[in-house]
Each structure stands twice: as C-alpha cells, then as structure tokens.
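I have placed the structure first, in the form of structure tokens, so that the comments after it can refer back to it.
The values are calculated or read from the model by the stated rules, or taken from the named source; none is laboratory data. Every value quoted in this text rests on a predicted model; they were computed, and no experiment measured them. Cβ placement follows ideal geometry from the backbone for every residue including glycine, while neighbour counts extend to all protein chains displayed. The protein model used for the area step is the full one, side chains on, heavy atoms only, and it has no ligands, DNA or RNA in it. Shrake-Rupley method; radii C 1.70, N 1.55, O 1.52, S 1.80 Å.
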Amino acid sequence: MKTRKKNRHPVRIVTLGCSKNVVDSEVLFSQLAGGDLAVSHEHDPGPEGTVVINTCGFIDHAKQESIDTILHYAREKGQGRIGKLYVTGCLSERFMPELEKEIPDVDQYFGTHDLVRLLATLGCDYRHELVGERTTSTPAHYAYLKISEGCDRPCSFCAIPLMRGRHVSKPMEQLVTEAGRLAAKGARELLIIAQDSTYYGLDLYKSRQLAQLLERLARVDGIDWIRLHYAYPSGFPEDVLEVIRDHAAVCRYIDMPLQHINDRVLASMRRGIGGHRTRELVERIRTRIPEVVLRTTLITGYPGETEAEHRELVEFVRQARFERLGAFTYSHEEQTHAASLADDVPAEAKEERKAEIMAVQQENSRSFNDAMVGRELKVLVDRKEGDFFVGRTEFDSPEVDNEVLIDAADSYLRIGDFSRVRIESAEDFDLIGVPSGRVPVSADE
Ligand code: SF4
C-alpha cells in the first residue's frame, strides 16, 4: 500500500549517543532521501519542517542530554520555529510512557525497531532496495560498519539489551556489499561496531564468524583500514588474532571493554570472565600480534567496590599498559540486574577513582607516544585545524583516541589522504610530526 505523500516537509535528523545511533540516523537519512524528502543532519528545517531526534538512553548524563535536546526542540516547536517533532532511539524505546506523559509536545515517540512506522509518519515508504545503502554523516574517508544489532550478554550494569533487544547479526554478504558501497563513496577506513562484535555469526551461522568477516572486508577494494571495536573478552574468537596479524588492511588495534579486573566485581557484573583469564587473554593478544594497540573501557565505583578492589584495578592499568583507555563512573540504571544492589560508592569517590585511573593512563599514553618519536608512520589526514593538519595512525580511532599534529606551514596534505609522517615529538595524548612523503593509494606500510 503506497504511503500518502501528505506531510512531506523537510526533515532534520538530530543524532545523540554512540556510533550505532550514527549508523541508524544515516540509514534513516538514506531512506528519506530515497523518498525524495529534503533531509539534513545539520540544518533546522524551518517552521513547516520536521525534526527527528535519535536519542541515547545509556547512562545518566547521556539520558540528560537527550531530555535536554527534546525540551529544546519542544520549545522551538512552541515558538513556531519548527513544525513537527518526533523522537526515536534508545531513550524513547526505554521510557516511552514516561516521556509521553512528561513531554507531550512531541508529536510521536518511536522505539529502536520502528523505522518503517517512522518513515510512514514522515510520508515515506520503506525501500528494501536501499538496504546496505547509506549516506554517511562522518567525514567521507571513514565510516562505521554496524555488523549486528542488540546484545545477548547479561552484564549487570547495562541497559542496552533493554533498548536494543536480542543480538541479530547482519548477513555477511550484505556487509561486504555495504563496505564496497562505502568504499565507492570514498571511505578508506571502516570502523567495525556492534554491542558485542565478537558474538558475530553465532545466531545466523551458529558459529563465531568475526574472523571470516574481517578477512572478507580486508579484500574490499579501496579500504585501507578496518578497525575492530566492542570486542568482548569472554569467548573472544582467537582466530581473529591471526587475521589482524596477517592482513595489513586490518588495523593492529583491538577495542575490548573490560570494565574491571577484580574477580568479585567481575562476577557481580556477570561478565563471564575473571581477572586471571582476562590477564591471560591480554597477554596472548600482545604475544600473537606484535605492536598491537589495545583500547579498553573501565567502570569505577561499581556497587560494593572497596578501596582494595579499586587499588587492584589501578595496578592492573599500570601493569597492562593499555595504549588507549577510557573510564566511566558507575551509573545506577533501573531495570538492570545491578539495580537491586546498593549504589553505595559516593559520587565523589567514583570521580576520584576515575581521575586516578586516567592519571595512570596519561603516563601509559605518554610512554607509548615517546616510543614513537623518530619513527615514520602512515597517517590518515582527518582535517585542518589552524596551522596544523590533524590525522591519525593505525593505532587511533576517530573521536576517542590520540591524534597526530602535522605542521601545515610548509606542507600541503589532502584531507582523507594517507601521508607518511616522521614523528618529531610527543605529548601525553598527541604526536607532532612532519610529512615525509605521500602514501600512494592502498600502499602497505
Ligand atoms: S556486552 Fe554487556 S555491556 Fe556491552 S551492550 Fe551487551 S550487555 Fe551491555
């Protein structure tokens, strides 16, 4: 049944939260554009137009940012600066009844699996022929590739399965096609994302297929870098390590959120792995992939975390020497398994523990960077900022990791191009270098 074309006004998509939300907004964008609607990620659509907010409902401050954004556009609507206002994404999925009551100015709320209904409301039919087709909102030379939706893990602190549902892998052929289309549009780097990328294939192919997927993607023309994010430690498919070691296109980079190292805390978090096996896994990865860079994420102030358990975590960060690390304070999320525990670590102590871990990480990052001085590295140029071109090495993911500052005073580099850069000096989180020659397209290191 063809959707009525009555309310076809320009649409602005406002995206909050993680890279998975970015991909969902890019899919929505392509479907709307495919339906000949004027759609934008940046520009407000005007008094007649429509705003769609793709929200995040992960933890406290992310939820607050989503609520503030909804209230902002509700005011814009009230003052006639925009027409219709729709809300979708994780916060809407998780708290729809409350939001409908608290912020009734929104014309309609949608869940995380409501794309077809949202499109119909915007005067568009869902186009199957556009599956795997995406207009990216990231700089053209890199793109996120979401390989699955949802999560089957029971982590006690996490509300994501409540918002995203069970794990569903995307078919491998579809992902390889999508990668080819992204490359054809100029993507040189693909960031592999999921809630748990290591679970890939278990539902669809009854076995872990991440290694096979990475190998297929490594053969996609035009893609120089494939970067693995959101790997889960328990049941980590170690055949992935050979693929990373043997394929130059797969970055020697693994993002593996560990959350903690203490056995009692990991058991309470229901992570399915203890401290000893975690340390062993980190060691095996470092042994099997020379020069690999490990990124991890840790939580401070989990219910019942004692000073001694925190000390153990600090010592682990010092010894494991992660090259890249982020830390978050525990957020007490209703409807999660941990919600039944007492959130007994004071907010101040959570922040102090996070600051202590990041101080150790600053030292780790500095010593890693110091070891880069004098080396020549392949750098992907992301942007120009003042007198510098800013880029990243194979060891740096956009927006979260370190950067390379390249003096632009006497050199011209093209954004989205690779350049060989000689590292002249190091800072805690950045490297400073000069170009030593443009890297021909798709040349190995
Ligand atoms: S793996 Fe754990 S922390 Fe990550 S999305 Fe799934 S339940 Fe949440």
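How big is the C-alpha Rg of the stretch 137-192 next to the rule-of-thumb value 2.2 N^0.38 Å, as a ratio? Mind dumping the intermediate values first?
Details: Rg = 14.0 Å, N = 56, 2.2 N^0.38 = 10.2 Å.
Here the answer is 1.38, to two decimals.
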Expressed in µm² per second, the diffusion coefficient of the stretch 1-134 from the Stokes-Einstein equation, with Rh the Kirkwood radius over alpha carbon pairs, at 4 °C and 1.567 mPa s, is 88
With a probe of 1.4 Å, find how much accessible area the chain has per residue, and write the answer as a whole number in Å².
-> 42
Given a cut-off of 23 Å, what percent of all Cα-Cα pairs of the stretch 218-326 lie beyond it?
-> 30
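For a quick check of your reading of the filter: which trypsin sites (Lys or Arg not before Pro) in the stretch 115-202 sit in a DSSP loop and have no more than 16 other Cβ atoms within 10 Å?
When the trypsin sites (Lys or Arg not before Pro) of the stretch 115-202 are filtered for loop state and at most 16 Cβ neighbours within 10 Å, R127, R166, K185 remain.
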Please report, in whole Å, how far the alpha carbons of the stretch 325-445 spread along each principal axis, starting with the longest.
-> 57, 29, 28
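On full extension of the chain, what length is gained from Q335 through V168, given 0.36 nm per residue of separation minus the C-alpha to C-alpha distance?
The span from Q335 to V168 would gain 57.9 nm if fully extended.
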Given C-alpha coordinates of the stretch 325-365, what is the ratio Rg to Rh with the Kirkwood estimate of Rh?
-> 1.10
How do V39, V87 rank by accessible surface area computed with a 1.4 Å probe, from largest to smallest?
-> V39, V87
Filter on K20/K170; K146/K170; K170/K206; K63/K146; K20/K350; K20/K63 - keep pairs with C-alpha separation over 19 Å = K63/K146; K20/K350
Heavy atoms of E283: accessible area, 1.4 Å probe, square angstrom to 10 = 110
Starting from 0 in steps of 10 Å, tell me what percent of the Cα-Cα pairs of the chain lands in each bin.
-> 4, 19, 28, 28, 17, 4, 0
On the protein heavy atoms, probe 1.4 angstrom, tell me the percent of accessible surface of the stretch 123-188 carried by carbon and sulfur.
-> 59
Pull the list of the chain cysteines that no other Cys approaches to under 4.7 Å, Cβ to Cβ.
-> C18, C56, C90, C124, C151, C251
How much accessible surface area, in Å² rounded to 10, belongs to the heavy atoms of F316 with a 1.4 Å probe?
-> 10
Residues in the stretch 415-431 reached by a label modelled at E376 [backbone nitrogen below 13 Å; 7 Å Cα→Cβ] = 419-423
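Over the stretch 293-380, what percent of the accessible surface lies on carbon and sulfur atoms, probe 1.4 Å?
Carbon and sulfur together cover 52 percent of it.
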Descending semi-axes in Å of the stretch 38-84, equivalent ellipsoid built from Cα gyration tensor | 22, 13, 6
Taking +1 at the Cβ of each Lys and Arg and -1 at the Cβ of each Asp and Glu, which of F368, P346, I415 sits farthest along the dipole of the stretch 342-445 towards its positive end, judged by Cα position relative to the Cα centre?
-> I415
Please identify the trypsin sites (Lys or Arg not before Pro) of the stretch 1-89 that satisfy two criteria: DSSP loop assignment and at most 12 other Cβ atoms within 10 Å. Which are they?
-> K2, R4, K5, K6
Largest first and to the nearest Å, give the Cα extent of the stretch 171-287 along each principal axis.
-> 49, 29, 20
